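Written below as structure tokens is the structure these notes are about.
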Amino acid sequence: MEMKKDQYVLYKGLPLVRDGDTICYGDLNEKYLLTLNILGKDANDNPNMIVVQICHSNDTKKLVKGKQAFKKNLFEALDLGRVWLEQTIKEN
């Protein structure tokens with residue numbers, strides 16, 4: 001079943017989709033996506049170790065070199081990743 005863009009949660013105009021401990025952000029029609037992988041959580045079940053990565057939208061296992069970092073909260077991870085995503089799309 002295909003979902004339309006307006007059926008996703010949007011953050012700053014782009015779809016934000018969570019599947020378990022993985023969050024994908026970006027437009028599937030673009031060449032790149034942001035992925036946030038939650039590796040650890042605190043006692044209140046809040047993410048406290050997140051891997052920020054830019055990957056190819058057609059193969060999320062194929063990462064963009066130099067675009068990987070670890071952050072301790074979701075807001076920092078998403079803000080950094082969004083900047084990287086915009087830069088990567090503009091450069092390519």
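A single entry from Val17, Val51, Val9 fulfils the requirement of being surrounded by fewer than 18 Cβ atoms within 10 Å (Cβ to Cβ) and at pLDDT 95 or above: Val51.
For the range 22-38, state whether one or more residues are touching a Lys or Arg at 6+ places or on another chain (Cβ under 7 Å) and surrounded by fewer than 17 Cβ atoms within 10 Å (Cβ to Cβ). Looking for residues that are touching a Lys or Arg at 6+ places or on another chain (Cβ under 7 Å) and surrounded by fewer than 17 Cβ atoms within 10 Å (Cβ to Cβ), one finds none in the range 22-38, hence no.
Every residue, every condition in (1) under 11 Å from the mean Cα position of the chain (by Cα); (2) of a type in the set (Asp, Glu), yes or no:
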site	(1), (2)
Asp19	no, yes
Leu34	yes, no
Asn37	yes, no
Ala69	no, no
Gln87	no, no
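Can you confirm whether the range 58-76 contains a residue that is assigned to a strand (DSSP E or B), in contact with a Phe, Trp or Tyr (Cβ under 7 Å, 6 or more places away or on another chain) and among the aliphatic types (A, V, I, L, M)? Yes, the range 58-76 contains a residue that is assigned to a strand (DSSP E or B), in contact with a Phe, Trp or Tyr (Cβ under 7 Å, 6 or more places away or on another chain) and among the aliphatic types (A, V, I, L, M). Screening Gly40, Gly66, Gly20, Gly13 for residues that are free of Cβ contacts under 8 Å to residues at least 12 places away in the same chain and either on the phi < 0 side of the Ramachandran plot or touching a strand residue (DSSP E or B) at 6+ places or on another chain (Cβ under 7 Å) (or both) leaves exactly one candidate, Gly40.
The values are calculated or read from the model by the stated rules, or taken from the named source; none is laboratory data. All figures in this text were calculated on a predicted structure; none of them were measured in a lab. No Cβ is skipped: glycine too gets one built from the backbone with ideal geometry, and neighbour counts run over all protein chains shown.
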